[in-house]
Amino acid sequence: MNSAAHELDNTPDQPHSEAKKQPIQTQWEHTTAQELDAAIPGCIDSIGLLSGPANTIMQLAYPGVGHGVMESRVESGSILLHPIKRARTTLSYLSVAFYGTSEEKLAYRRAINQAHAQVTSTAQSPIQYRGLDPNLQLWVAACLFWGHLDVYEKLRGPMSKADQARFYEFAKPLGTTLQVRPDMWPEDIDAFWQYWNSTLDTIVIPQDVKQWLMQLVDLRFLGPVISFAFGSSGRLLTSGFLHPTIREQMGLPWGPKEERRFKRAIKLLATVNNRLPRTLRQLPGLALMWDFRRRLNKGLPLR
């Protein structure tokens, strides 16, 4: 690892003395996609991509994350300018975090850090932020975990408390693959829910961020043709996959009619998805993991 990458890997959000006591993680237990599905069938099905816009909205609702993405000067990672590339990067990260080796996690950390290091607030920003802030990354990772659990339960029914605890252990690399130190990640599933609920209660989405996020609700970021053809369905799915607290702040209508339509759509999706063999349920993630490894072996850009 070169010195610049090493510096990015260890950029602390605390004084240097504290950062040395709690170093950023560099080793993880390796679990394969097959082993994850055997432990909790369906826990990382790629159908969760349908909740992507909703999960992005929840991530960006957090102070600093929303303005950081809105004002980012890294255009190559913009969901509005390059939605397909952004989706590929995100799903690749999820795959690496869940079932990549330690070496693969470190490689992707370096690649993402190089982009995140360029995301910093300016004098004109309404809030101070930086892309390498582990507190912001903790919230983003928490949203990713909550989103996986929410999709699972909508398609397969409530996850048992034992499986929640097991899945939570599998999901810790969602944060620790980046800048979240192991001691920052809530210790167990009960601590996670305390963090989640207390943080969610404090979130107030700024008006400018909310207006920007509305482009994700009706798929405007995918262009006028797709927005016209699928915008109504996209709005329904995005609204349905949002946490009620965030949905209310976004001002999205939700009543018995929307609930019935959403449940019908979910029932259809579950009927198809849950009967597929594992490799088909996980196909997008597996394909992107293969592509990530190809890029890594050939020394190609990972993002």
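The values are calculated or read from the model by the stated rules, or taken from the named source; none is laboratory data. Since this is a predicted model, take the numbers as computed values, not measurements. Counting neighbours? That spans all protein chains shown, and the Cβs are built from the backbone with ideal geometry, glycine included.
So which pairs qualify, if the first residue must be in the stretch 25-43 and closer than 17 Å to Asp163 by Cα and acidic (Asp, Glu), the second must be crowded, with 16+ Cβ neighbours inside 10 Å and at pLDDT 95 or above, the Cβ gap must be under 6 Å, and the two must be at least 6 apart or on different chains?
From residues that are closer than 17 Å to Asp163 by Cα and acidic (Asp, Glu), the pairs are Asp37/Arg278.
Restricting to the stretch 90-128, count the residues that are crowded, with 23+ Cβ neighbours inside 10 Å and touching a strand residue (DSSP E or B) at 6+ places or on another chain (Cβ under 9 Å).
Matching residues across the stretch 90-128 total 1.
If we keep just the residues of the stretch 1-22 that are loosely packed, with under 13 Cβ neighbours inside 10 Å and outside any helix (DSSP H, G or I), which is modelled with the highest pLDDT?
Checking each candidate, the answer is Pro15.
If we keep just the residues of the stretch 30-74 that are modelled with pLDDT under 95 and of a type in the set (D, E, K, R), which is surrounded by the most Cβ atoms within 10 Å (Cβ to Cβ)?
Glu71
Scanning for something of a type in the set (Phe, Trp, Tyr), farther than 30 Å from Leu36 by Cα and in contact (Cβ under 8 Å) with a residue 12 or more places away in the chain, does the stretch 255-267 turn up at least one residue?
No, every residue in the stretch 255-267 fails to be of a type in the set (Phe, Trp, Tyr), farther than 30 Å from Leu36 by Cα and in contact (Cβ under 8 Å) with a residue 12 or more places away in the chain.
If a residue counts only when it is more than 24 Å from the chain's Cα centre (by Cα), which helices (runs of 4 or more DSSP H) contained entirely in the stretch 243-282 have at least 2 such residues?
Output list reads 256-273.
Out of all the residues in the stretch 292-303, which are surrounded by 15 or more Cβ atoms within 10 Å (Cβ to Cβ) and either assigned to a helix (DSSP H, G or I) or of a type in the set (Val, Ile, Thr) (or both)?
Phe292, Arg293, Arg295, Leu296
Could you list, in sequence order, the residues of the stretch 23-55 that are assigned to a helix (DSSP H, G or I), touching a helix residue (DSSP H, G or I) at 6+ places or on another chain (Cβ under 6 Å) and within 19 Å of Phe262 (Cβ to Cβ)?
Ile47, Gly48, Leu50, Ser51, Pro53, Ala54, Asn55
Looking at the stretch 151-206, which of its residues are closer than 22 Å to Asn273 by Cβ, outside any loop (DSSP other than H, G, I, E, B) and either without any contact (Cβ under 8 Å) to a residue 40 or more places away in the chain or among the charged types (D, E, K, R) (or both)?
If the condition is that a residue be closer than 22 Å to Asn273 by Cβ, outside any loop (DSSP other than H, G, I, E, B) and either without any contact (Cβ under 8 Å) to a residue 40 or more places away in the chain or among the charged types (D, E, K, R) (or both), then Glu153, Lys154, Arg156, Asp163, Gln164, Arg166 are the ones that fit.
Being surrounded by fewer than 18 Cβ atoms within 10 Å (Cβ to Cβ) and out of contact with any Asp or Glu (no Cβ under 7 Å at 6 or more places or on another chain) is the filter; apply it to the stretch 165-185 and report the residue that is nearest to Leu91 (Cα to Cα).
Glu169
Give the residues of the stretch 99-127 that are over 24 Å from Gln34 (Cβ atoms) and touching a Pro at 6+ places or on another chain (Cβ under 8 Å), sorted by residue number.
Matches in the stretch 99-127: Ala111, Pro126, Ile127.
Consider the stretch 130-148. How many of its residues are surrounded by fewer than 19 Cβ atoms within 10 Å (Cβ to Cβ) and part of a helix (DSSP H, G or I)?
Result for the stretch 130-148: 2.
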